[in-house]
Amino acid sequence: TPGPRRHHLGLDATTWAAQRRHRARRTTPPSTAMGKKNRGNRGGSSGDAGASMKQQRLANEARRAEAKAAERAEKKKANPLSRTSSTTRAHLTQAAFVALPLSAATQRAIHEVLGYETMTLVQEQTLPVALTGKDVIAKAKTGTGKTIGFLLPTIERLAGGGGGRGRGVRALAISP
């Protein structure tokens, strides 16, 4: 019975069947491709071929399990209480927070409370400039650490007595 695909392509039954066989041969993985002569050995009950295929399958499953375990270990957070996202972890650099001119209390909070040791790219580029008192405008993807990039200099300035002791607003953070 002609199917809608054959009719749509305008192929007769013989041409369609030949193309289907060709596609099946082309997409069959080499490890499972068997000619007509080898079809009797498929079950693995006779000979080493079945046992060998089973060993290969088990080895492949073991490799996949090891890869998944390594991936989970890599994604594991240093601080389980931290809200650090995978996006943030993907943007981490080798630059350490201890290299910044921050107060001991801030350094301790970054390390012990937040569990951070290294900065993200946006933090590495903005914090040294912002800590000198200069204004910085930064644009980066959500979750890459912009908040710490502007908050640390603000906290340092307020804790160090900078920004005046008047009764007015000493810091303003605008966030969507």
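The values are calculated or read from the model by the stated rules, or taken from the named source; none is laboratory data. In this text, all values refer to a predicted model and were calculated from it rather than measured experimentally. Don't worry about glycine lacking a Cβ; one is built from the backbone with ideal geometry, like all the others, and counts go over all protein chains shown. We work out accessible area using only protein heavy atoms, side chains counted, and drop any ligands, DNA or RNA first. Shrake-Rupley method; radii C 1.70, N 1.55, O 1.52, S 1.80 Å.
A 1.4 Å probe, protein heavy atoms only, puts the accessible area of HIS91 near 70 Å². Projecting label points 7 angstrom from Cα along Cα→Cβ for SER52 and LEU121 puts them 4.8 nm apart. Fully extending the segment from THR106 to ILE174, taken as 0.36 nm per residue of separation minus the present Cα-Cα distance, adds 22.3 nm. So, R0 is 22 Å and r is the distance between the beta-carbons of ILE137 and ARG157; what FRET efficiency does that work out to, to 0.05? Taking R0 as 22 Å, the efficiency between ILE137 and ARG157 is 0.80. Amide H contacts of ALA95 (H built 1.01 Å from N, in plane; Pro and chain starts excluded): MET119 sit under 5 Å, all sequence-distant by 5 or more or on other chains.
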